[in-house]
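Student: The structure that follows is given in the form of structure tokens.
Just so you know, all these numbers are worked out from the coordinates, no wet-lab data involved. Only a predicted model underlies this, so the values are computations on that prediction, with no experimental measurement involved. When we count neighbours, we look across all protein chains shown, and the Cβ atoms used for this are built from the backbone with ideal geometry, even at glycine.
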Amino acid sequence: MESEKTLVILKPDAVQRGLIGKILNRFEEKGLKIVAMKMIFVEKEKAHRHYEAHKKKLFFNSLISFITSGPVCIFGIEGEDAVDVIRTMVGETDPKKAQPGSIRHDFGMQVGRNLIHASDSVESAEKEINLFFRPEEIVEWKHNQYCWIYE
Ligand code: DAT
Ligand code: MG
């Protein structure tokens with residue numbers, strides 16, 4: 001198993017509802033390592049690039065106006081199989097279909113207010129991290145509890 005980095009965005013609904021700490025806490029308690037973090041407004045142009053794969057979808061315009069509607073928190077998170085581990089913790093796109101215990105199930109009701117983005121593959125994680133962070137914003141540090149999380 002390889003250590004991977006992935007990109008997580010706490011969307012404007014998560015920020016407005018005061019859920020930053022609760023959601024981030026899940027990743028910390030899981031044993032994942034935060035390697036980058038910031039709060040920003042996503043510019044329209046960057047939102048278009050980030051959601052490029054969906055540009056022909058009917059919901060594209062509402063997706064762009066939602067993600068640019070308020071501040072978001074962006075994180076680089078590292079760990080063994082971090083991309084899949086975090087996608088599982090995030091849950092299915094539609095909060096009504098997401099498994100109990102997942103973030104989207106536990107905090108959300110609708111697909112257009114699903115609280116969180118997480119990269120869906122190692123390749124998109126690399127692209128998305130580069131879209132939102134400069135290389136010097138990624139902090140390399142040693143997890144003090146490493147040997148109690150991994151054997
Ligand atoms: P995910 O965020 O689970 O990777 P996705 O990449 O298919 O899902 O879609 C990106 C975002 O677009 C998703 O988080 C919410 C929105 N979205 C997806 N499908 C939608 C739909 N059927 N109606 C409205 N918004 C949708
Ligand atoms: Mg996606």
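Student: So what are segment 90-151's ellipsoid semi-axes, whole angstrom, largest first, if each one is the square root of 5 times an eigenvalue of the alpha-carbon gyration tensor? Working shown, then result.
Tutor: Values: eigenvalues 151, 72, 20 Å².
For segment 90-151, the ellipsoid semi-axes come out as 27, 19, 10 Å.
Student: Explain nothing, just the number: dipole magnitude of the chain about its Cα centre with +1 on each Lys and Arg Cβ and -1 on each Asp and Glu Cβ, in debye rounded to the nearest 20. All intermediate terms of the calculation are to be shown ahead of the outcome.
Tutor: Working: 22 positive and 23 negative charges, 173 e Å.
Dipole about the Cα centre, nearest 20: 840 debye.
Student: How high is the FRET efficiency from His143 to Lys22, r the C-beta distance, R0 25 Å, rounded to 0.05? Mind dumping the intermediate values first?
Tutor: Numbers: r = 21 Å, r/R0 = 0.86.
The calculated FRET efficiency here is 0.70.
Student: At a Cα cut-off below 16 Å, give the lysines reachable from Lys11, other chains included and same-chain residues fewer than 8 away excluded.
Tutor: Within reach: Lys22, Lys38, Lys44, Lys46.
Student: Can you compute 3J(HN,Hα) from phi for each residue in segment 136-151, using the Karplus curve 6.51 cos²θ - 1.76 cosθ + 1.60 with θ = phi - 60°, rounded to whole Hz and x for Gly and Pro?
Tutor: So the J values, rounded to whole Hz, are 6, 8, 8, 9, 8, 8, 9, 5, 4, 8, 3, 6, 9, 10, 10, 8.
Student: A further question on this structure: Between Met109 and Asp94, what is the label-point separation in nm under the 7 Å Cα-to-beta-carbon projection?
Tutor: With each label point 7 Å from Cα toward Cβ, the separation is 1.7 nm.
Student: With no solvent and one point per C-alpha, what does the Debye sum give as log10 I(q)/I(0) for segment 3-138 at q = 0.09, 0.12, 0.14, 0.21 Å⁻¹?
Tutor: Those come out to -0.23, -0.42, -0.58, -1.46, one per q.
Student: Something else: May I ask you to compute the full-extension gain from Leu58 to Lys46, defined as 0.36 nm times their residue separation minus their alpha-carbon distance, rounded to one decimal in nm?
Tutor: Numbers: separation 12, 0.36 × 12 = 4.32 nm, distance 1.92 nm.
Gain in length upon complete extension: 2.4 nm.
Student: Right, another one. Round to a whole angstrom and tell me the spacing of the C-alpha centers of segment 1-60 and segment 77-151.
Tutor: After rounding, the separation between the Cα centres reads 8 Å.
Student: Which residues in segment 1-35 have a backbone N closer than 17 Å to a point placed 7 Å from the Cα of Val122 along the Cα-to-Cβ line?
Tutor: 1-7
Student: Which residues in segment 103-117 place their backbone N less than 18 Å from a point set 7 Å from the Cα of Glu29 along the Cα-to-Cβ direction?
Tutor: The answer is 103-108.
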